[in-house]
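Engineer: The structure under discussion is supplied below as structure tokens; questions concerning it will follow.
What follows draws every value from the coordinates through simple rules; no lab data is involved. Not measured: the values here are computed from a predicted model. Virtual Cβ from ideal backbone geometry, glycine too; neighbours counted across all protein chains shown.
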Amino acid sequence: MIFIDDISSDNIYNILSSKAVHRACRKEGMYMRFTIEHLVKHFEKKEVLRDIDFTFESGKIYGLLGRNGAGKTTLFNCLNKDMKADGGNFYLEEGGQKRETVPDDIGYVLSAPTVPEFLTGREFLKFFIDIHEDKIEESKNLDAYFDYMSIAPEDRDKLLKDYSHGMKNKMQMLVNIIAKPNLLLLDEPLTSLDVVVAEEMKQILRSLKENRIIIVSTHIMDLALDLCDEIVLLNHGVLDKVDKTDMDSHEFKEKILAVLRDERPID
Amino acid sequence: MNKTFKIAYSLKNTYRVNTILYSLKQVPVLKRLFPQELYRDPDYKIFANIMSGIWEFIKAFLGKFLYFLIMIALAAGFCKTVPERQTFLHIFVILTLIGAPTNTYIFNPTKDKYYALILLKMDAREYALSMYVYEMLKILTGYLIFGMIFGKMSGLTIWQCLLLPFAAAGMKLAVVAWSLRKYERTGYAVSENQIGVRGWILIALSLAAAYGIPAAAVLGIPVIGNCVLPETVSAAILVCGILGGIVSFRKIWTFTEFREVYQQILTQHMHQVEEARRSVKRQSEKVIQIEEGAGSSRKGFEYLNELFIRRHQKILWKSSKRIAFISLCIMCAGILGIFLFPEIKGKVNHLVLTNLPYFVFIMYCINRGTGFTNVLFMNCDHSLLTYSFYKRPECILKLFWIRLREIMKVNLLPAFVIGAGLAALLYLSGGTEDPLNYVMLLISVLCMSAFFSMHYLTIYYLLQPYNAGTEIKSGTYRIVVIATYLFCYGFMQLRMSTFVFGLGTIIFCVVYCAAACVLVYRLAPRTFRLRA
Ligand SMILES: Nc1ncnc2c1ncn2[C@@H]1O[C@H](COP(=O)(O)OP(=O)(O)O)[C@@H](O)[C@H]1O
Ligand SMILES: [Mg+2]
């Protein structure tokens, strides 16, 4: 795909592909699917997720596109089991084997970055690696991780409470990808970042998609089109894939807009 | 204007109805009784509307009834040296003068005004005037009825009674008109809640004058006591109030810039509310102190914990040490007292042997448990609970034990000082036949401290009351906290031999801690989550 070319020249990609992140515990090249079946969630009488039925495949970045309040965050919360779904189920399929997701399968980067304010960046990273020691086989020097995320050396030993929004976001992203989750959920990841950081993040995400499923929620269409391999619309509580074949990008946008605009009452 | 009033009033009512329903839903038992779609169900709406009506009625009448009864009539009744009606008028005049600028209705920034004017963009002048007229009518009727009743009881003439409601309304009108004029001159609108230092001093002085002068008269201090306003002066001020109101009415009625005024008051107010909310989080971040060097050789959760304790020294260990130090001083003072005045020995001995229940409340007061769990959440769990590894059952339990150990350590220091101090006091004040009493004193105080540490950490883990916005969202948690207070307060009434009570405490604490451990083990992996 286009992405591969324009990243292979990029040193971020080199660091990543050459070192630990790729080689670790997962069997290389394992094809994986994540299936959601008839997921339902309502708040009081309001049905936010009506019937989510979809299969995601590894090696792709999915753009979960939906209007404000469509239920993107709710869907992620259900998948991360922060919220109990009212019906339906979801599972991972690896080499033909179905299994329930366990917390370690999922990395979830929230839209508002939350990091423990009383630790420094380095301490947080060390703590995280300590906890996941058994899963990170080839542990890198801590600075290598910071380099990879382009967090400046002078910031690494500052308390996280003094980090900027973008830096907190990077820290959150970093600890989420160190654990090498099979499923990486990112809720509105780039919406409030400056252009430089946003571009760095995009590169990182693209370099991570090998062997895992990445789902990026956003309400910004251009971002979804730019970053993602597949566009999935969350509209009126259901998920729909938008077929991109034989359409130029303008037609494609128009089609998405038409679907999202369609104001059926939700009940 | 009539229509505006109807809309504004029903908006205010809706807001209040929803507030009532929301607060009812916060009570754990009632929560089950109400259906999910509470806000839409017409029956509950009617119920809440009735509640709202009752509330409005209570506010209009019961409030004024109590005001006249307690603040004025009863207070005036105490002062026998001056004619009662003179005191009545004296207090009424001064309180009304304070009330006029601090209770204007128009300049009170409330949520319903914000919704009506900023969000719904209703006509500000019509809104302000119609609601104001309504409030004024409430005041007039309330003051007319109760002014008449209590005034008559205090011996006021009918004319004096009639002055009261109109003077109160008149003064309010005058203040509003004055504020509006000030706005026209300066362009700044000031909400009635922005009183400022000078305002507070003035209010304090006025209150002192309202009650202090009659009190001085009772106590027989003529220099001050003679300053009770003579009836004619009071009456004159009231008449001035009425005249001022009449003159001011035109100003208010013809004022056209209500929108600008409200825009300023309300946005300022919302900004302050928002600031206050955010500053809670910032306050708790402020207590984090970073030290030089000092790495940690530990790993994983022990590492996290060590850094947490070290960076929160100030609010955890410093205050614990301070309490221990103060306790030590008090104990030393007690011991010194025994040496200096040997005659109190018997009393002290008796006190120590029968008043141990008192120490439940004292231990409750000095326990750092809530402070600890609060800062745990604000600075640590609030963020880490969003990571899935942190919510794995074995991690939750592991951290629970580490934290239990820490909070117990923090609390044991003052507890040890108090327990040992009590034992020493007992020994020095004559001792006891049963040496087990010394052990009992020390151990039971230590047990109480352990109990409170366990208790706060347990309810934090089992009820995790905060949401992601760091607000307490659990009604159950609130109730448990209040119940704990009442429980401990109740022990102050109890007198029991130290031996029996100490034994009871120790058994209770052991049983409680065991039960709490089981509960945490069973439930915490599920309950220790961020609230939605
Ligand atoms: N805890 C909650 N309680 C009640 N309603 C909620 C809750 N969380 C979300 N909702 C509602 O669910 C809908 C979807 O919200 P959300 O998932 O945050 O949307 P998105 O992330 O797509 O903007 C919204 O209408 C919101 O009001
Ligand atoms: Mg969202």
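Engineer: Pull out the extension gain between B:ARG392 and B:VAL511, defined as 0.36 nm times the separation in residues minus the alpha carbon to alpha carbon distance; nm, one decimal.
Structural biologist: Working: separation 119, 0.36 × 119 = 42.84 nm, distance 2.75 nm.
Fully extending the segment from B:ARG392 to B:VAL511 adds 40.1 nm.
Engineer: A follow-up question, please. Need one number: convex hull volume per residue for the stretch B:270-369, Cα atoms only, in Å³. Write out the running numbers ahead of the final one.
Structural biologist: On the way: hull volume 21.4 nm³, N = 100.
For the stretch B:270-369, the hull spanned by Cα atoms encloses 214 Å³ per residue.
Engineer: Sorting B:MET448, A:MET30, B:MET171 on the 10 Å Cβ count, fewest up front, what's the list? If you can, show how the numbers build up before the last one.
Structural biologist: Details: B:MET448 29, A:MET30 12, B:MET171 24.
Arranged by neighbour count, lowest to highest, B:MET448, A:MET30, B:MET171 become A:MET30, B:MET171, B:MET448.
Engineer: With contacts defined as alpha carbon pairs under 8 Å and 6 or more residues apart, what's the relative contact order of chain B in percent?
Structural biologist: Reported as a whole number, the value is 15 percent.
Engineer: Let me ask another. If I model a spin label at B:LYS314 and A:GLU251 as a point 7 Å from the Cα along the Cα→Cβ vector, what separation in nanometres do I get?
Structural biologist: With each label placed 7 Å out from Cα toward Cβ, I get 6.4 nm.
Engineer: Along the charge dipole of chain B, pointing to its positive end and built from +1/-1 on Cβ of Lys, Arg, Asp and Glu, which listed residue (B:ALA333, B:SER296, B:ALA235) has its Cα farthest out?
Structural biologist: Of the listed residues, the answer is B:SER296.
Engineer: Using a Förster distance of 51 angstrom, determine the FRET efficiency expected from the C-beta separation of B:ARG495 and B:PHE57, and round it to 0.05.
Structural biologist: That gives a FRET efficiency of 0.65.
Engineer: Considering only DSSP beta bridges with both partners in the protein assembly as shown, what is the antiparallel share in %, to the nearest 5? Don't skip to the end; give the middle numbers.
Structural biologist: On the way: 25 of 45 bridges.
Bridges in the protein assembly as shown are about 55 percent antiparallel.
Engineer: Under 13 Å from the Cα of A:LYS140, which aspartates and glutamates turn up, not counting those fewer than eight places away in the same chain?
Structural biologist: Here the aspartates and glutamates satisfying the reach criterion relative to A:LYS140 are A:ASP130.
Engineer: From other protein chains only, count the Cβ atoms within 10 Å of every residue's Cβ in A:110-117, then give the mean. List each step's numbers first, then the result.
Structural biologist: On the way: counts 4, 0, 2, 2, 8, 4, 11, 10.
Mean partner-chain Cβ count within 10 Å for A:110-117: 5.
Engineer: Too long at a 32 Å Cα-Cα cut-off: which of A:LYS241/B:LYS121; A:LYS84/A:LYS168; A:LYS81/B:LYS409; B:LYS6/B:LYS473? Provide the component values of the computation, followed by the final result.
Structural biologist: Working: A:LYS241/B:LYS121 42 Å; A:LYS84/A:LYS168 28 Å; A:LYS81/B:LYS409 35 Å; B:LYS6/B:LYS473 34 Å.
In this structure, A:LYS241/B:LYS121; A:LYS81/B:LYS409; B:LYS6/B:LYS473 exceed 32 Å between Cα atoms.
Engineer: Next question. Length gain on complete extension for the stretch B:GLU184 to B:THR232, per 0.36 nm per residue less the alpha carbon to alpha carbon distance?
Structural biologist: 13.7 nm is the gain from fully extending B:GLU184 to B:THR232.
Engineer: Can you find, among B:LEU66, B:LEU442, B:MET136, the residue farthest towards the positive end of the dipole of the protein assembly as shown? Put +1 on the C-beta of Lys and Arg, -1 on that of Asp and Glu.
Structural biologist: Of the candidates, B:LEU66 comes out farthest on the positive side.
Engineer: In addition: Hey, with R₀ at 30 Å, roughly what FRET efficiency would B:ILE330 and B:LEU436 work out to, going by the Cβ-Cβ distance, to 0.05? Before the final figure, lay out each step's value.
Structural biologist: Working: r = 25 Å, r/R0 = 0.83.
The formula returns an efficiency of 0.75 here.
Engineer: Another question, then. With charges set only on the Cβ (+1 for Lys and Arg, -1 for Asp and Glu), what does the dipole of the protein assembly as shown come to about its Cα centre, in debye to the nearest 20? Walk me through the intermediate numbers first.
Structural biologist: Numbers: 92 positive and 77 negative charges, 628 e Å.
Value, rounded to 20: 3020 debye.
Engineer: Something else about it: Give me B:CYS380, B:CYS332 ranked fewest to most by other Cβ atoms within 10 Å of their Cβ, as a rough exposure proxy. Could the numbers behind the result be given before it?
Structural biologist: Details: B:CYS380 23, B:CYS332 12.
With the sparsest Cβ surroundings first, the list reads B:CYS332, B:CYS380.
Engineer: Using C-alpha positions alone, give me the convex hull volume of the stretch B:445-532 per residue in cubic angstrom. Write out the running numbers ahead of the final one.
Structural biologist: On the way: hull volume 7.7 nm³, N = 88.
Hull volume normalised by residue count: 87 Å³.
Engineer: So, one more: Using a cut-off of 18 Å between alpha-carbon atoms, which aspartates and glutamates can reach B:LYS3, once sequence neighbours fewer than 8 places away in the same chain are excluded?
Structural biologist: Correct list for B:LYS3: B:ASP112, B:ASP123, B:GLU126, B:GLU135.
Engineer: Using the basic label-point model (7 angstrom from Cα toward the beta carbon), what is the B:ASN355 to B:MET71 distance in nanometres?
Structural biologist: Output for this residue pair reads 3.9 nm.
Engineer: For A:PHE43, which sequence-distant residues (separation of 5 or more, or a different chain) have an amide H within less than 5 Å of its own amide H, given hydrogens modelled in the peptide plane?
Structural biologist: Residues meeting the amide H criterion: A:VAL48.
Engineer: In deg cm²/dmol, rounded to 500, what helix-only [θ] at 222 nm does the protein assembly as shown give when every DSSP H run of at least 4 residues adds -39500 (n - 2.57) and the total is split over its residues?
Structural biologist: Working: 32 runs with 474 residues, N = 799.
Value at 222 nm, helices only: -19500 deg cm²/dmol.
Engineer: Could I ask something else about it? Which values of log₁₀ I(q)/I(0), to two decimal places, follow from the Debye formula for the stretch B:77-278 at q = 0.07, 0.12, 0.16, 0.17 Å⁻¹ with a uniform point scatterer at every Cα?
Structural biologist: -0.25, -0.69, -1.06, -1.14
Engineer: Work out the P(r) tail for the stretch B:301-527: percent of alpha carbon pairs separated by more than 21 Å, whole number. Before the final figure, lay out each step's value.
Structural biologist: Values: 15025 of 25651 pairs.
Looking at the stretch B:301-527, the distances longer than 21 Å represent 59 percent of pairs.
Engineer: Further question on the same structure: Give me the distance in nm between label points sitting 7 Å out from Cα along the Cα-to-Cβ direction at B:ASN103 and B:TYR485, one decimal.
Structural biologist: 2.6
Engineer: How are the Cα pair distances of the stretch A:30-262 distributed, in percent, across 10 Å bins from 0?
Structural biologist: Result returned by the calculation: 7, 31, 35, 21, 6, 0.
Engineer: Still on this model: Below 20 Å, Cα to Cα, which lysines can A:LYS161 reach? Residues fewer than 8 away in the same chain don't count.
Structural biologist: Reachable lysines: A:LYS126, A:LYS170, B:LYS281, B:LYS286, B:LYS314.
Engineer: Next question. In debye, nearest 20: dipole of the stretch B:29-162 around its Cα centre with unit charges on the Cβ of K, R (+) and D, E (-)? Provide the component values of the computation, followed by the final result.
Structural biologist: Numbers: 14 positive and 9 negative charges, 46 e Å.
Using Cβ point charges on Lys, Arg, Asp and Glu, the stretch B:29-162 gives about 220 debye.
Engineer: What is the ratio of the Cα radius of gyration of the protein assembly as shown to 2.2 N^0.38 Å, with N the residue count, to two decimals? Can you show the working numbers first?
Structural biologist: On the way: Rg = 33.9 Å, N = 799, 2.2 N^0.38 = 27.9 Å.
Dividing the Cα radius of gyration by 2.2 N^0.38 Å gives 1.22.
Engineer: A further question follows. Taking every alpha carbon pair in chain B, what does the distance histogram look like in 20 angstrom bins from 0, in percent?
Structural biologist: Going out from 0 Å in 20 Å bins, chain B shows 16, 34, 37, 12, 0 percent.
Engineer: Right, here's the next one. Students often check this: by mean Cβ neighbours within 10 Å, which of B:180-189, A:82-91 ranks highest, and how do the rest follow?
Structural biologist: A:82-91, B:180-189
Engineer: Which percent of Cα pairs goes in each bin when the distances of the stretch B:30-136 are cut into 10 angstrom slices starting at zero?
Structural biologist: 11, 25, 28, 21, 11, 3, 0
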